[in-house]
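Report on one structure; see the data block that follows.
Coordinate-derived values only; no laboratory data. Keep in mind it's a predicted model, so treat the numbers as computed, not measured. Cβ atoms come from the backbone with ideal geometry, glycine included; neighbour counts cover every protein chain shown.
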Amino acid sequence: MKKFWSIIGLCFLLLAVLAPIALAADDAKPAAPPPKIDAGDTAWILTSSALVMLMTPGLALFYGGMVRTKNALATIMQSFFIVGLISVQWVLWGYTLAFGADVNGIIGSLEFLGLSGVGMEPNSPTSTVPHLAFMIFQAMFAVITPALITGAFAERMRFPAFVAFTLIWATVVYDPVAHMVWGGGWLAQLGVLDFAGGTVVHILSGVSGLMVALVLGKRKGFGSEVMLPHHLPMTVIGASLLWFGWFGFNAGSALAANGLAANAFVTTNTAAAAATVSWVFAEWLHHGKPTVLGAASGCVAGLVAVTPAAGFVAPMPSVIIGLVAGVVCYLAVSVLKTKLGYDDSLDAFGVHGIGGTWGALATGLFASKAINDAGADGLFYGNAGLVTTQLIGIAASWAIALIGTYLILKILGMFMQLRATPEQEAQGLDITEHGERGYAYQDFLAGSPIAHAEAFALQQATGATKISLNS
Amino acid sequence: MEKITKIDIITRPEKLEELKEAMNAIDVTGMTVTQVYGCGLQKGYKEIYRGKEVAVNLLPKVKIEIVVCEVPVEKVLETATRVCRTGQVGDGKIFIYPLENAVRIRTGESGPDAIKDPKDVPMSKKK
């Protein structure tokens, strides 16, 4: 009952805080003269937003197939729930922190709090799409970034801790860095190039993932138990949806239906294809088998690497970006991870952290003003300075991701238990956290057999609510 | 009381259909089949996930449990061995146990009557 009143209280509090904003939104007058909306651009941005939205459920399947049977639902839930959680966070305060008027180059002002003043007219004289369209396109980026991190702590983080971490991380790590790079902050002023999110999305998520994996520690039985992906066809469907959605992610980042969007579309597909081939061949030469998981991972590595470069480089450099990404990310997950011994469950760091870093660096090498005059020339076009600028961007995002994530986890750890208990890990998070199971059967090799009675006894022992199987 | 014998045949999954037909042909009409995992002389194989090799030495097999009374045990063993043998390691094992008793739940009959073909149900396979 006490819980009930605190929820009601929270609702009223939110209402009180947001009411002025909601009312203020009605008073907002469109700026005169109103910039012209382009129908084609608007159609493309809205389509791209839908494409990027589909990436997060795609990621849920990509990750879901790679965990053991007993954690399939819990892993899918983390990505899927973020679509809800961060969509709400973004319209309430995320968008304004990232794209509000610049405050000291670090963060956006609160001018768009609760979408106040974000309307159907374009936001700036150079924009040809409604402000709301730009806002929702960016919302999908804010959604997928924390979802990418979930791969690093899969199979061992408690759901309440995950929700709190994601909400805080999005607010104090993602939103400020998105502002620094895209919202006119200090990295943007410095000239750091990031077309669609190599630093903002992939370095942040991958490196933060590494930190979460280090702070939480290895999964129970890591290194001694066999932990196999339980459903690789699901992973391939997920990778395909990611590849499909990525056309909106990269080509949509042109923010117009124009030649630059077409260029980004082509570089995106080319790099993904090249990395698929190079990862498969690297694994084939190294272990003697061309694996399906390698092909799925390779395409994602290529997509990650081309993300910052898509709208700054020509199609030929994207072949090189993809080929290198496939091999480098393969070595990161197969050699580096084994050598260092951290347990990044689904290789969020190996693919997104390493791939994003290579992509941001490659942008410094291959960028060309002939492709995008809003960009800059890279090393191979006679401007070594861009490599330095990109390295500053990489170092800054690594540092913010590592320090920010570490502090969030340490502070959060004082108030709540972050990690599942060994008993929960043994039973699997599907039953212990969500009271459901993904499959009616259990497979000896991919999961562990669970007796209903045993799971029930555990629920009783931990004082949790009863599981509802066929009830 | 006539002797009741239980025979467990653990063998390659792909031999199941052939074995079932062969057992039917020698009038063994009842069996219980389970998917099992086991290890033995067949050492297993390697799987590769993102460049990490995983040794899998528990291999999928099928276990067929048969209880006989009228049909000679030797005949079952001879038939099962003939059908399941490929000559390679991994063909499996057959275990034979004496049984103390058996009960047919539907009728409450026990002993050999519980194992023998019932008189009151027409057996479609009988020629």
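With no solvent and one equal point scatterer placed on each C-alpha of segment B:4-115, evaluate the Debye formula and give log10 I(q)/I(0) for q = 0.14, 0.20 Å⁻¹, two decimals. For segment B:4-115 at q = 0.14, 0.20 Å⁻¹, log10 I(q)/I(0) is -0.64, -1.06.
In the structure shown, the pairs A:K70/B:K63; B:K3/B:K116; B:K20/B:K43 are assessed against 18 Å; a Cα-Cα span above that value is assigned to A:K70/B:K63; B:K20/B:K43.
With a 10 Å cut-off around each Cβ of B:35-41, the average count of Cβ atoms from other chains is 1.
Need the full-extension length gain, A:A101 to A:K339, defined as separation in residues times 0.36 nm minus the C-alpha distance. One decimal, nm.
On the way: separation 238, 0.36 × 238 = 85.68 nm, distance 4.50 nm.
Using 0.36 nm per residue and subtracting the Cα-Cα distance, I get 81.2 nm.
Taking every residue in A:227-238 and counting other chain Cβ atoms within 10 Å of its Cβ, the average works out to 1.
Under the simplified labelling scheme, the B:V54-B:I94 pair shows an inter-label distance of 3.6 nm, with each label point 7 Å from Cα along Cα→Cβ. Rounded to the nearest 0.05, the FRET efficiency derived from the C-beta distance between A:K369 and A:K410 at R0 = 41 Å is 0.40.
Hull volume per residue, based on the alpha-carbon atoms of segment A:321-431 and their convex hull, is 166 Å³. A Förster radius of 41 Å, combined with the Cβ-Cβ distance separating A:S224 from B:R104, puts the computed FRET efficiency at roughly 0.30.
Packing here is the average count of other Cβ atoms within 10 Å per residue, and on that basis the peptides A:293-305, B:23-35, A:61-73, highest first, run A:293-305, A:61-73, B:23-35. Here B:E2 and B:T81 are evaluated by their C-beta separation; at R0 = 25 Å the FRET efficiency comes out at 0.55. According to the calculation over all Cα-Cα pairs in segment A:36-415, the P(r) per 20 Å bin from zero is 31, 61, 8, 0 %. For the protein assembly as shown, the residue among A:S205, A:T42, A:F312 whose Cα projects farthest onto the positive side of the dipole built from Cβ charges is A:S205. Per residue, the convex hull around the alpha carbon atoms of segment A:86-241 comes to 139 Å³.
In terms of the Cα gyration tensor, with a ≥ b ≥ c the square roots of its eigenvalues, is segment A:248-397 rounded because a/c is under 1.5, prolate because a/b exceeds b/c, or oblate?
On the way: a/c = 2.09, a/b = 1.57, b/c = 1.34.
Taking the square roots of the gyration eigenvalues as a ≥ b ≥ c, segment A:248-397 is prolate.
Per-residue packing, averaged as other Cβ atoms within 10 Å, sorts the ranges A:110-117, B:40-47, A:244-251 into the order A:244-251, A:110-117, B:40-47, beginning with the highest. The ranking of A:H287, A:H131 by Cβ neighbour count inside 10 Å, starting from the fewest, reads A:H287, A:H131. Database remark: amide H of B:I4 closer than 5 angstrom to the amide H of B:L99 (H placed geometrically; neighbours at sequence offset of 5 or more, or on other chains; Pro and chain starts carry no H).
Positive-end ranking of A:W246, A:G191, B:L58 along the dipole of the protein assembly as shown, with charges on Cβ about the Cα centre, is headed by B:L58.
In chain A, Cα pairs under 8 Å separated by at least six residues give a relative contact order of 20 percent. Averaging 1/r across all pairs of distinct Cα atoms in segment A:66-106 and inverting the result yields a Kirkwood radius of 12.5 Å. Sorting B:5-15, A:350-360 by average packing, meaning the other beta carbons within 10 Å per residue, from highest down gives A:350-360, B:5-15.
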